[in-house]
Amino acid sequence: MTILTGGGSFAHAYTKQFNAQIASIRQLGEKAFLDATKKASIVIHNAATTESSDLDLSLERNFDFTRFLVQNLQKQNPSVHLIFLSSMSILSSSDDKVYGEVIKMTPYAYSKYLAETYCLKSPLNRVSCVRFSTLFFKDPQKDGLSKLVNEAHSTGKITLINNGEAKRNFLPVEIAARYIEKISKLPVVGKQIFTLASPQSTSFGEVAKILQRLLPKLEVDNIVMSLSNPVLADFSSDSIDKLGQINFSLEKNIANYLKTLSVQS
């Protein structure tokens, strides 16, 4: 049995495609949650707080809960395959073997850094830590690409920063779920880290061109701005190569999201 420790967009994308259950401690309570994890062969630990700038809250939700989960799995279900959904934000460069400077990490990144390294140092013998690049959730509240597409649809106008030169390795959340399923099928013994980013980086300027093809009347403005902390892109494809690349068209995913927005409006 496969369980996910939280709900949300990723869990929805995963359970829509694969046989799994969501076991949220907030919904079930501690006893029922631990009973579920005790019976699972695979635990996908996706529960996390991403928006908080409060250090203590981030540590409580992302590190303390991870430690609680790992300790109980070690006691009750030590042969489980734990798949921990980590974050690219813990890296300082596109070299996925080097962590960033702790003092420069945001509260979220720091909490995920502690959680990842704790999983890797824990006594559990089957652990996979997975870092995703920029996920395309098709939800304007969750990622910049979704927000841009939603803005294009609702206003007929978008604004780029520095001509949209910033790049991202956009990965649709449905594709991310399929990669996790691949990892769940591996005969894992020991600790592994997977850096999962689209092999093709795409600039926001290129996204604007896609949107103009799909929405010919779209207006595109630009503002010039100094950016001190650019988001990383162009990651190694080693993990993708190991798992087997899942091909997708970003333009088709954007087009499908526009269709969904049209139906909703």
Give a quick list of trypsin sites (Lys or Arg not before Pro) in the range 120-169 that DSSP marks as loop, anything other than H, G, I, E or B, with at most 11 other Cβ atoms within 10 Å. none
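Can you give the relative contact order of the range 120-265 as a percent, counting alpha carbon pairs under 8 Å and 6+ residues apart? Don't jump to the answer; show the numbers that get you there.
Numbers: 206 pairs, mean separation 48.9, N = 146.
Across the range 120-265, relative contact order equals 33 percent.
Based on the Cβ-Cβ distance of T159 and N125, what FRET efficiency does E = 1/(1 + (r/R0)^6) give at R0 = 51 Å, to the nearest 0.05?
Working: r = 50 Å, r/R0 = 0.98.
After rounding to 0.05, the efficiency reads 0.55.
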If one puts a single equal scatterer on every Cα of the range 140-190 and applies the Debye formula without solvent, what log₁₀ I(q)/I(0) results at q = 0.21, 0.22, 0.26 Å⁻¹? -0.86, -0.90, -1.06
Taking every pair of Cα atoms in the range 79-189, average 1/r, invert it to obtain the Kirkwood radius, and report Rg/Rh to two decimals. 1.04
Bounding extents of the range 145-263 in its principal axis frame from Cα atoms, largest first in Å, are 52, 38, 16
Please provide three numbers in whole Å: the alpha-carbon extents of the chain along the principal axes, with the largest listed first. 60, 41, 36
For K217 and Y118, FRET efficiency with R0 = 41 Å and r from the beta-carbon atoms, rounded to 0.05? 0.20
Inter-label distance, nm, simple model (7 Å from Cα along the C-beta direction), K259/L55: 4.9
When each of K97/K142; K121/K147; K75/K182; K142/K182 is checked by Cα-Cα distance, pairs over 31 Å: K121/K147
Hey, how many Å between the Cα centroid of the range 65-117 and the Cα centroid of the range 162-205? 17
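Go through 246-252, 188-194, 104-110, 80-86 and give me the packing order, highest mean Cβ count within 10 Å leading. Display every interim value, and only then the final one.
Working: 246-252: 13.7, 188-194: 15.4, 104-110: 18.0, 80-86: 24.3.
Output ranking for 246-252, 188-194, 104-110, 80-86: 80-86, 104-110, 188-194, 246-252.
Computed from the coordinates by the stated procedures, all read-outs in this text should not be read as laboratory data. Because the structure is a prediction, the values reported are computed rather than measured. Because the Cβ atoms are built from the backbone with ideal geometry, glycine has one as well, and the counts that use them run over all protein chains shown.
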